[in-house]
Every structure is written in C-alpha cells, then in structure tokens.
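Presented below is the structure to which this report refers.
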Amino acid sequence: MSRIGKAPISIPAGVTVTVSDTNLVTVSGPKGTLSQDVDTDIKIVQEGDILTVVRPSEQKRHKALHGLYRSLIFNMVFGVTEGYKVEQELVGVGYRATNTGNTLDLVLGYSHHFVFEIPREIKVATTAEKGKNPTIILESIDKQLLGQVAAKIRSLRAPEPYKGKGIKFVGEVLRKKAGKSAAKK
C-alpha cells in the first residue's frame with residue numbers, strides 16, 4: 001500500500017471538510033476555502049477529525065491516484081490553516097522588482113520591463129534593502145497555484161550557472177560551473 005496514501009489526515013479545529021456525492025472535496029478554514037475534484041474510484045472517508053483516502057484495488061492507476069489525492073487534500077488542509085509562502089530573490093546588477101497591488105513590475109537586464117499580473121488569490125510583496133538583493137514574497141492558501149506562479153516568475157530569468165545571476169528561491173543552492181579560465185590551467 002502507498003505509504004503516502006495510507007497516512008491519515010488529521011483535521012484541526014476550525015477546519016471543515018465536506019465531500020459531495022460527485023467526489024468534490026471542499027476544505028474551509030480560517031484563511032479561506034479550497035476545493036478539489038477527486039476521481040470517482042477513490043473514496044474519501046471521514047471519521048470524526050480524521051480523514052482517510054481509500055483506493056478500490058491494487059491497479060497501478062489506483063495506486064498512483066491514492067497518494068496523489070491524499071497529498072492534495074493534505075495541502076488544502078494545511079493551506080487553509082497555515083498558508084504557504086515563497087520568497088524569491090533577484091541576483092544581478094540593476095535587477096529590480098516593484099509591485100502595485102497584484103501587478104509585479106520586474107527589471108531583469110533586458111531592454112524592456114516585465115509586467116506580470118499575479119492572480120488575486122496570491123498576495124505579493126517586494127522588498128529592496130540597501131546591500132541586499134531585491135526579494136519577491138508570494139503568499140497564498142493554494143500550494144499548486146503558488147508554485148505555478150513562482151515557477152513562471154523564475155522562468156523570466158532563470159539563474160545562469162557561471163555567476164548565478166537571475167531569479168532564484170531564497171535558500172536555493174545553485175551549482176556553479178568553472179569558467180573558461182579554469183580550463184586553461
């Protein structure tokens with residue numbers, strides 16, 4: 001049995017989970033509400049404040065969906081209670097990030113600015129302290145959407161392997177390559 005799939009999900013106080021007849025799981029908590037469609041083969045069983053995901057057979061497809069939906073539901077429960085936060089930093093001379101509302105304006109060393117419209121489910125903030133790299137802070141209750149938006153922002157100028165210039169996640173360790181001069185020695 002799937003180690004992830006068989007792990008029960010404990011529902012904290014203040015969070016309500018409802019499963020409709022069409023297998024639509026809705027999780028409501030202090031930070032908001034999220035919903036997820038679940039495959040009709042997979043069953044969601046709620047006993048008190050414990051939620052378990054049950055698969056009907058040992059088919060490869062059912063095994064894959066078992067762990068997937070357990071993780072998605074757990075992420076929704078965590079999102080409506082704690083929330084998720086992603087921090088990215090801009091490494092490079094002249095790189096800047098500013099925001100007005102949910103519009104992010106990025107200067108990344110190209111001849112033009114990038115104006116990026118952030119979905120309204122995500123709160124965005126930018127900081128620019130002297131002596132430190134500018135940072136973009138994204139917060140949301142939806143882990144999937146937050147990761148997708150963060151990946152899209154990073155793809156505008158991914159870190160290059162020689163000096164590490166670009167947009168990277170805070171705390172991310174980049175593998176750097178030796179330049180041309182290292183090959184001559």
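Sorted by accessible area (1.4 Å probe), largest first, how do 154, 70 line up?
Values: 154 60, 70 30 Å².
The ranking, largest first, comes out as 154, 70.
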request  = Tell me which residues come under 5 Å, amide H to amide H, from residue 157 once H is placed; ignore anything under 5 positions away on its chain.
outcome  = 167
query = Where the convex hull is taken over the Cα atoms of region 88-152, what is its projected area averaged over directions, in nm²?
reply = 4.4
key: Kirkwood hydrodynamic radius (C-alpha pairs) into Stokes-Einstein, region 58-128, 25 °C and 0.890 mPa s, D in µm²/s   = 159
key: Calculated log₁₀ intensity ratio I(q)/I(0) where the Debye formula runs over C-alpha points of region 1-83, q = 0.13, 0.18, 0.19, 0.20 Å⁻¹   = -0.36, -0.69, -0.76, -0.84
remark   = region 4-27 and region 105-145 have their Cα centres apart by a whole-number Å value of 32
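Near residue 61, within a Cβ-to-Cβ distance under 13 Å, what is the net charge of the other residues, with Lys and Arg +1 and Asp and Glu -1? Can you show the working numbers first?
Working: positive: 55, 60, 63; negative: 39, 41, 58.
Value of the local net charge: 0.
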query = When the Karplus curve 6.51 cos²θ - 1.76 cosθ + 1.60 is applied with θ = phi - 60°, which whole-Hz ³J(HN,Hα) does each residue of region 94-107 get, with x for Gly and Pro?
reply = x, 6, 9, 9, 9, 9, 10, x, 9, 9, 9, 10, 10, 10
request  = Counting helices only, and only those DSSP H runs with n ≥ 4, report the 222 nm mean residue ellipticity of the chain as the sum of -39,500 (n - 2.57) divided by its residues, in deg cm²/dmol to the nearest 500.
outcome  = -7000 deg cm²/dmol
request  = Compute the distance in nm between two label points, each set 7 Å from the Cα along the Cα-to-Cβ direction, one at residue 31 and one at residue 46.
outcome  = 2.0
query = Hey, any idea what % of the chain's accessible area is carbon plus sulfur with a 1.4 Å probe?
reply = 53
key: All-pairs alpha carbon distance profile, region 22-66, 10 Å steps from 0, percent   = 24, 48, 24, 4
ask   = What's the angle, to the nearest 10 degrees (0 to 90), between helix 143-155's Cα axis and the longest principal axis of the chain?
value = 20
request  = Calculate how steeply helix 60-81 sits against the longest principal axis of the alpha-carbon atoms of the chain, using the helix alpha-carbon long axis, and give the answer as 0 to 90 degrees to the nearest 10.
outcome  = 70
inquiry  = Take the chain, mark every one of the chymotrypsin sites (Phe, Trp or Tyr not before Pro) that falls in a DSSP loop and has at most 15 other Cβ within 10 Å, then report the longest stretch left between them, sites excluded.
reply    = 1-109
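Hey, can you find the accessible area per residue of the chain for me, probe 1.4 Å, expressed in square angstrom? Mind showing how you got there, number by number?
On the way: 11330 Å² over 185 residues.
Accessible surface, normalised per residue, equals 61 Å².
The values are calculated or read from the model by the stated rules, or taken from the named source; none is laboratory data. Note that the coordinates shown come from a computational prediction; the quantities given were computed from them, not determined experimentally. Neighbour counts are summed over all protein chains in view; Cβ atoms, including those assigned to glycine, are modelled from backbone coordinates with ideal geometry. Protein only, heavy atoms only, side chains kept; ligands, DNA and RNA dropped before computing areas. Shrake-Rupley method; radii C 1.70, N 1.55, O 1.52, S 1.80 Å.
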